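Below you'll find the structure, written out as structure tokens, and then a few comments.
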Amino acid sequence: QVQLVESGGGLVQAGDSLRLSCAASGRAFSTYTWGWFRQAPGKEREFVASRRSIGLTNYGDSVEGRFTISSDNAKNTVYLQMNSLNPEDTAVYYCAFMAGLGYWSRASDYDYWGQGTQVTVSS
């Protein structure tokens, strides 16, 4: 029903910024949740940020204050603005879409996933 395509990853130095994008195609939903997760080598998938269709946002403890999630409803696109990046942020970042209301930080509650985009931060 929904296909997600990510872009915006790359190699940056500590202190730099990146903006990730994720565009959705498919049917429209009136109630939904956008999510961003990341996974570093040898570690479990970690919750980064989420945004409800009504506008409520949540952030993981490790990124709050540095990252911002936003969306453009007309373009069916979600963004992740990442500032003050450090080497601990290095991971593959995945966008996700939940058709309805589930638990915002639980990966298994999301229904559709992007292909992932690599973010590497050098010290």
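The table that follows gives values for the structure above.
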| read-out | value |
| --- | --- |
| Members of the range 50-68 found to be assigned to a strand (DSSP E or B) and closer than 11 Å to Thr33 by Cβ, listed by number | Ser50, Arg51, Arg52, Thr57, Asn58 |
| Set Ser62, Ser21: member being among the polar types (S, T, N, Q) and touching a Leu at 6+ places or on another chain (Cβ under 9 Å) | Ser21 |
| Among (1) touching a helix residue (DSSP H, G or I) at 6+ places or on another chain (Cβ under 6 Å); (2) among the aliphatic types (A, V, I, L, M); (3) under 16 Å from Val2 (Cα atoms) - the single one Val121 does not satisfy | (3) |
| Tabulated pairs, the range 40-59, first open to solvent by 60 Å² or more (accessible area, probe 1.4 Å), second in a loop (DSSP other than H, G, I, E, B), C-beta under 7 angstrom, 6+ apart or interchain | Glu46/Gly60 |
| Cβ pairs under 6 Å, 6+ apart, first in the range 64-78 and within 26 Å of Glu88 (Cα to Cα), second of a type in the set (Ser, Thr, Tyr) and surrounded by fewer than 17 Cβ atoms within 10 Å (Cβ to Cβ) | Arg66/Ser84; Ile69/Thr57 |
| Scope the range 1-26; condition assigned to a loop (DSSP other than H, G, I, E, B), within 20 Å of Gln115 (Cβ to Cβ) and either modelled with pLDDT under 95 or hydrophobic (A, V, I, L, M, F, W, C) (or both); matching residues | Gln1 |
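The values are calculated or read from the model by the stated rules, or taken from the named source; none is laboratory data. These numbers come from a predicted model, not from an experiment. Cβ coordinates were reconstructed from backbone atoms using ideal geometry, including for glycine residues, and neighbour counts include every protein chain displayed. Note: accessible area is taken over every heavy atom of the protein model, side chains too, but ligands, DNA and RNA are not part of it. Shrake-Rupley method; radii C 1.70, N 1.55, O 1.52, S 1.80 Å.
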